[in-house]
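**Q** Quick one: this structure, given as structure tokens, is what I'll be asking you about.
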């Protein structure tokens, strides 16, 4: 198939939640956590692997507040099995975000050593970073957002970081083992209860981001409120999550997946393709919107350091992504989280044109060029602008909050058969 549909560049308008003065908000909120710090106290500042906007500013500001209170802070990576479950790999991930010894002015201590600190009511062992346990206090820094593995009253946030982040590789594996029998929320809450009771937590700095991937809110959650405070923040985060404005998509083209974008590589809350597998049939059969029939992933972000977990949720990819894949890092992450399906490698094509053509044929449409509802996005984190086929635009053109910016125009494959970045032009 050489002919391709023409595409319309579309902007999705979201109500913008004003970004706070981030340095001022950090001073205010981190100051609440630092109020009980005694001079000379060693404070472990736990930082994860997510691509959080203003992360370096928030971490540096928190360190400065702690130093002003007389403390001696240091940084520990709090990211479970990410970075290939090696100290060097986790240090490298933080460095990508500007969180280094030199930039932060304090040491990064990436040891994966842990110690058992208790048991849950079900008897599961709870472990915590030895570095963190030896500190006089721990401050967690993380974004609150819906989780990619389950839906509940808590999601991805401070409690999860306490269990999986402070638990390092061993803690992440233990939590997922328990979750396979009692569910994620019960497992996280049970283990977090032990950590809150026995680790020297001061509390955490919770971050909310809006649909533009901007900082929307910073909130200090002290130790005493750790078990309950996330619920309201998660509900607020749900309202800020960007969504795809379609009932059905025949082919979704995703330029980038990666650990900096989502723990699952591409966010199942956006695609409705969940990490325990998906049904590849073309019939919708009552499945929720957006129902995506085919999904093509073009590339893996450099910040992922070869960890391509989530690629198994796609139907097609490129040989260049496969060549850049770190099999060990991907396997470690997928086995730790007990989601082997997320590491499966789909059909790989040498060019974007070949991949799209094959996926369009697999839709079994009489005239895919004119009928296929194709949507192309930068990533599941960036849904403010996208390219959509004329057939897709015909279905949503009257929908509030959507406007055409350019088009219809050709996809613009280069001589090598590949597409330019979706964010270019328009």
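**Q** Measure nothing fancy, just the Cα-based angle from helix 184-198's long axis to the longest principal axis of the chain, in degrees from 0 to 90, nearest 10.
**A** The angle comes out near 20 degrees.
**Q** Using only the alpha-carbon atoms of segment 36-240 as identical scatterers, what base-10 log of I(q)/I(0) does the Debye formula give at q = 0.13, 0.14, 0.16, 0.18 Å⁻¹?
**A** Per q value, in the given order, log10 I(q)/I(0) is -0.64, -0.75, -1.01, -1.31.
**Q** Would you please give the FRET efficiency between residue 367 and residue 13, computed as 1/(1 + (r/R0)^6) with r the Cβ-Cβ distance and R0 = 41 Å, to the nearest 0.05? Intermediate results must be reported in sequence, preceding the final value.
**A** Values: r = 32 Å, r/R0 = 0.77.
The pair residue 367/residue 13 has a calculated efficiency of 0.85.
**Q** Something else about it: Relative to the longest principal axis of the chain, what angle (0 to 90°, nearest 10) does the C-alpha long axis of helix 22-34 take?
**A** It works out to around 40 degrees.
**Q** Mind sorting 113, 387, 19, 209 by how few other Cβ atoms lie within 10 Å of their own Cβ, fewest first? Walk me through the numbers on the way to the answer.
**A** Values: 113 12, 387 28, 19 16, 209 24.
Lowest to highest Cβ neighbour count: 113, 19, 209, 387.
**Q** On a full-extension model of 0.36 nm per residue, what is the gain between residue 115 and residue 88, subtracting their alpha-carbon distance, rounded to one decimal in nm?
**A** Values: separation 27, 0.36 × 27 = 9.72 nm, distance 2.03 nm.
Gain on stretching residue 115 to residue 88: 7.7 nm.
**Q** Quick check: the distance between the Cα centres of segment 264-305 and segment 23-80, to the nearest angstrom?
**A** Going from one Cα centre to the other spans 35 Å.
**Q** Could you give the nm distance between label points at residue 283 and residue 180, where each point is 7 Å from its Cα heading toward the beta carbon?
**A** About 3.3 nm, to one decimal.
**Q** What nm distance separates the two modelled labels at residue 42 and residue 385, each placed 7 Å from Cα along Cα→Cβ?
**A** So the label points at residue 42 and residue 385 sit 4.9 nm apart.
**Q** How many angstrom separate the Cα center of segment 320-345 from the Cα center of segment 130-203?
**A** 23
**Q** Between residue 225 and residue 345, what length in nm is gained on full extension when 0.36 nm per residue of separation is reduced by their alpha carbon distance? Mind dumping the intermediate values first?
**A** On the way: separation 120, 0.36 × 120 = 43.20 nm, distance 4.22 nm.
Taking 0.36 nm per residue and subtracting the Cα distance, the gain is 39.0 nm.
**Q** Of 334, 362, 81, which is the most mobile in a GNM of the chain whose springs link Cα atoms less than 10 angstrom apart?
**A** Of the options given, 362 has the highest mean-square fluctuation.
**Q** Still on this structure, I have one more. Could you give the nm distance between label points at residue 241 and residue 95, where each point is 7 Å from its Cα heading toward the beta carbon?
**A** Each label point is offset 7 Å from its Cα along the Cβ direction, giving 3.4 nm.
**Q** Across segment 92-188, what fraction of all alpha-carbon pairs, as a whole percent, falls in each successive 5 Å bin from zero upward?
**A** Each 5 Å bin holds this share of Cα pairs: 2, 12, 20, 23, 20, 13, 7, 3, 0.
**Q** Separate question: So if R0 is 30 Å, what FRET efficiency would residue 413 and residue 272 give, r being the distance between their Cβ atoms, rounded to the nearest 0.05?
**A** Numbers: r = 28 Å, r/R0 = 0.95.
E(calc), rounded to 0.05, equals 0.60.
**Q** Averaging over all projection directions, find the projected area of the Cα convex hull of the chain and quote it in nm² with one decimal place. Mind dumping the intermediate values first?
**A** On the way: hull surface 78.9 nm².
That works out to 19.7 nm², a quarter of the Cα hull's surface.
**Q** In degrees between 0 and 90, to the nearest 10, how far off the longest principal axis of the chain does helix 87-96 point, with axes built from Cα atoms?
**A** That works out to roughly 70 degrees.
**Q** If R₀ is 45 angstrom, what is the calculated FRET efficiency for the pair residue 68 and residue 248, using the beta carbon separation as r and rounding to 0.05?
**A** 0.25
All of the numbers you see were taken from the coordinates with simple rules; none came from a lab. All values derive from a computational prediction rather than experimental measurement. Neighbour counts run over all protein chains shown; Cβ positions are idealised from the backbone, glycine included.
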